[in-house]
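*Asks:* Have a look at this one.
No value in this document is a laboratory result; all are computed from the given coordinates. The structure displayed is predicted, hence computed values, not measured ones. All Cβ positions, even for glycine, are placed from backbone atoms using ideal geometry, and neighbour counts span all protein chains on display.
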Amino acid sequence: MSPTITTSSEANGNVSAATARAAASAASVAEASGPQAVTMAKALNTALADAMHADPSVLVFGEDVGLLGGVFRITDGLTRTFGEQRCFDTPLAESGIVGMAVGMAMNGMRPVVEMQFDAFAYPAFQQIVSHVAKMHNRTRGLVKLPMVIRVPYAGGIGGVEHHCDSSESYYAHTAGLKVFTPATVADSYRMLREAIDSDDPVMFMEPKKLYWSKDLVDLEDLGAQHAANAAAGTSSEGRAAVARPGTDATLIAYGPSVPTALAAAAAAAEEGRSLEVIDVRSIVPFDDETVCASVRKTGRAVVIAEAHGFASVSSEIVARVQERCFHYLAAPIRRVTGFDVPYPAPKLEHYYLPGVDRILDAVDDLQWEN
């Protein structure tokens, strides 16, 4: 049965009971405070719940996100907590899902929709490129589209084609979209909250192989930080992070490639080489300042990404760094990416994905003899 959709003005009155249930649920887990071993999936789930607590105009929908809680259980419990008017299943019609979200966002809601897998989003590409990305400009700023499209993306899970695409370059090339991709548990919470708060449409690219990675994180504290930042009008949106400091060369990575870059830096340290790792975090907008400051310091750089290398985010990063840091470079910038072939069968994906050995080979090729 299709849910009844309300307007923003109706939402405050219609969700009071669900909000009360949500508050009771939150109170029941309030005892678990302080840093806990938390998965990225849990952090994303909590970010969605906290955003729905904070703003009754936030709602979640997509394929199997309701009672099932999503294929990866990112929306687990949201329908039980907030009711079917605020977290509900849709037909298998990605273009319809995004089109409905556009209408909602134009009328004051803040929809968060899930594209079940990366390549499943392609039927919605017309909506994303022609309407989501352009509505604000088309109306000369009169109409905003505060909506988030969550995309579980990239490989490393033993999936087949249509389930392991790295599709970020399509969205990054489309003016009018923000493109975020977290690599840590804390960032997944922080960045999803910021994406939902944004008045601009955000493609939120979630590295699915990291869903079950764990960090010690205080989600309650992250929520308090977010509330304080929102009240002060500040955020970390659009900022890269130094994931590991170093002096000899810079590894630039984002999303699923960040842990691989960190592993390569750790292996290089055993050989006496100090590699700095930059986690891009926000593909659009891109933080030239942080990335280029690192490359100017080290004089050498390797860009790492799972996506195909040709006409990609990695090639754009190389171009931007080359333009801004040319006179600081001791060697040409290298790339370690997925190969320019369709995503391979599960038993072959380890050949396709960037690994520590390929990264260290690229580092060795940075003209150290000079």
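*Asks:* Could you please report the charge total around I278, scoring K, R as +1 and D, E as -1 over all other residues with beta-carbon less than 10 angstrom from its beta-carbon?
*Replies:* With Lys, Arg at +1 and Asp, Glu at -1, the neighbours total -1.
*Asks:* Output the direction-averaged projected area (hull surface divided by four) of the convex hull of the alpha-carbon atoms of region 36-232, in nm².
*Replies:* About 10.5 nm², averaged over all directions.
*Asks:* Counting pairs of alpha carbon atoms under 8 Å apart in space and at least six apart in sequence, what relative contact order in percent does region 241-365 give?
*Replies:* Details: 224 pairs, mean separation 35.5, N = 125.
Once divided by the residue count of region 241-365, the mean separation gives 28 percent.
*Asks:* Still on this structure, please answer the following. Counting just the Cα atoms, what span does the chain cover along each of its three principal axes? Round to the nearest Å and put the largest first.
*Replies:* Cα spread of the chain along its principal axes, largest to smallest: 70, 46, 44 Å.
*Asks:* If I build a Gaussian network model for the chain, linking alpha-carbon pairs within less than 10 angstrom, which residue out of V160, V321, V258 has the largest mean-square fluctuation?
*Replies:* Looking only at V160, V321, V258, the biggest GNM fluctuation is shown by V160.
*Asks:* On to the next question. Quick check on the chain: helices-only [θ] at 222 nm, where DSSP H runs of length 4 and up contribute -39,500 (n - 2.57) each and the sum goes over total residues. Nearest 500, please.
*Replies:* Mean residue ellipticity, 222 nm, calculated: -11000 deg cm²/dmol.
*Asks:* What residue among S167, S57, S236 has the largest mean-square fluctuation in a Gaussian network model of the chain, using Cα springs under 10 Å?
*Replies:* With Cα springs under 10 Å in the chain, the top fluctuation among S167, S57, S236 is at S236.
*Asks:* One quarter of the convex hull surface, Cα atoms only: what value does that give for region 241-365 in nm²? All intermediate terms of the calculation are to be shown ahead of the outcome.
*Replies:* Values: hull surface 29.0 nm².
Averaged projected area of region 241-365's Cα convex hull equals 7.3 nm².
*Asks:* Then there's this: Would you look at the GNM of the chain, springs on alpha carbons closer than 10 Å, and say which of A266, A47, A119 moves the most?
*Replies:* Most flexible of the set in this elastic network: A266.
*Asks:* Would you grab the residues whose amide H sits under 5 Å from the one on A307? Only those 5+ places off in sequence or on another chain, please, with H modelled 1.01 Å from N.
*Replies:* G338
*Asks:* How do 96-106, 294-304 rank on mean C-beta neighbours within 10 Å, highest first?
*Replies:* On the way: 96-106: 19.8, 294-304: 22.6.
Result, highest mean first: 294-304, 96-106.
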